[in-house]
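Take a look at the structure below.
The values are calculated or read from the model by the stated rules, or taken from the named source; none is laboratory data. Everything numeric here is computed off the predicted structure, so don't read it as measured data. Here the Cβ positions follow ideal geometry from the backbone for every residue, glycine too, while neighbour counts run over all protein chains shown.
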Amino acid sequence: MRRHWQKKPLLVRQALPGIVPPLSRDELFELAASDDVEARLISHFRGAWRLEHGPFGSDDLPGLKRREWTLLVQGVDLHDDRARTMLDRFRFIPDARLDDLMISYATDGGGVGPHFDSYDVFLLQVHGKRRWRISAQKDLALKDGLPLKVLQHFEPENEWVLEPGDMLYLPPHIAHDGVAIGECMTCSIGFRSPSASELVGQFLYHLAERGSAARLAHPDGRYRDPAQDAATRPAQLPQAMIDQIGAILARIRWDEGDVASFIGSYLSEPKAHVVFDPPEIGASIAAFTRQATRAGVRLDRKTSLLYGKRSYFINGEEHRLPSRKKWLLELADRRRLEGKRFVTLSDDWSMTALLHEWYLAGWVRIGAFA
């Protein structure tokens, strides 16, 4: 983190020795056929780039012997515990930044062309080999008329072949091009990096949604113009209106609590396609407590639980931290509570009731390990 994070690339040979793909090829293809999974098919047949969006049935993908095609499946950690476990290995980065794990499957020669990302990424080779070429070039102009963001000019400065277990970290805006050598699979661990315009827009919406912006801006809560003259040019914007509304907006203020509330709610909000699966037959709170005492509990792989100084945020919802908060902070940081640990905490009825509520919503699962 001190030497490389957001500073310069890092190649780690055998970062995870003996690694196997979290999903097999057939399992990945099956996942790409799901309606609630974001999947893309990129091909480069006869020198022409083509991009298609899933879902993809078994007959929609090219043959395995055909060269130069790639299947990208986004957010695999949301659908498979093995992928979620792999993603958890990167929690030395705060959860508020961690985005998802994407798996790229490619046949020989497959890739997505030389490009750059606006976010940090770890490229972990899990099957086969891939040749990576990278460059810190300043020219990031893209080719026109393509369905992909392919660099117009790419001048590689370093080149490596990654084998299973090898990993390459790239900070934002490092140009890179990965090409499969034979059949290969690569896991990409990406991080959230919202643009300034996105943050400003969402923060103002957050303030307005909670009424804090309007409350701070105008004590009367409504625009007034008692001195307005009869209009001779009704379509013209009155200067007095411009001045008064400008003054109202200038009085908008926020503090650290508003910012923390926004960040926690915004970054813990599940993506639009995420759906939680409640238990088919929910256990009563007494039965839930008995089972959790034996097996512990864990956060569902889709659940995001963050916390700040005064509040915690679960799947986009903000709540005040309870007076006895140690268990909640522990669950958020470790994403699980073993049975023995649950026993020591179970005298706190409010904790048990809250965990049971989350269990019924599909946010928490019984069993400390999947």
Legend entry - Residue check, D77 modelled with pLDDT of 95 or more, buried (at least 20 other Cβ atoms within 10 Å of the Cβ), in contact with an Asp or Glu (Cβ under 9 Å, 6 or more places away or on another chain) and not assigned by TED's automatic domain parsing to the domain that holds Y312: yes
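Residues are listed down the side, and each one gets a yes or a no for (1) free of Cβ contacts under 8 Å to residues at least 60 places away in the same chain; (2) touching a Pro at 6+ places or on another chain (Cβ under 8 Å); (3) in a helix (DSSP H, G or I); (4) farther than 30 Å from E157 by Cα:
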site: P17; (1), (2), (3), (4): no, no, no, no
site: E52; (1), (2), (3), (4): yes, no, no, yes
site: S58; (1), (2), (3), (4): yes, no, no, yes
site: L87; (1), (2), (3), (4): no, no, yes, no
site: F92; (1), (2), (3), (4): no, no, no, no
Legend entry - For R301: the one exception among (1) outside any strand (DSSP E or B); (2) touching a helix residue (DSSP H, G or I) at 6+ places or on another chain (Cβ under 6 Å); (3) farther than 26 Å from R82 by Cβ: (3)
Inset, instruction - Go through (1) under 15 Å from R298 (Cβ atoms); (2) in a helix (DSSP H, G or I) and name the single condition T344 misses. - result: (1)
Legend entry - The one condition in (1) loosely packed, with under 15 Cβ neighbours inside 10 Å; (2) within 28 Å of A136 (Cβ to Cβ) that E30 fails to fulfil: (2)
Inset, instruction - For residues that are without any contact (Cβ under 8 Å) to a residue 40 or more places away in the chain and in a strand (DSSP E or B), scanning just the stretch 21-42, find the one that is farthest from S188 (Cα to Cα). - result: L41
Inset, instruction - Considering (1) surrounded by 14 or more Cβ atoms within 10 Å (Cβ to Cβ); (2) touching a Leu at 6+ places or on another chain (Cβ under 7 Å); (3) without any contact (Cβ under 8 Å) to a residue 24 or more places away in the chain, say which one Q152 fails and leave the rest. - result: (1)
Legend entry - Of all residues making up the stretch 60-85, the number that are part of a helix (DSSP H, G or I), under 23 Å from W132 (Cβ atoms) and of a type outside the set (D, E): 2
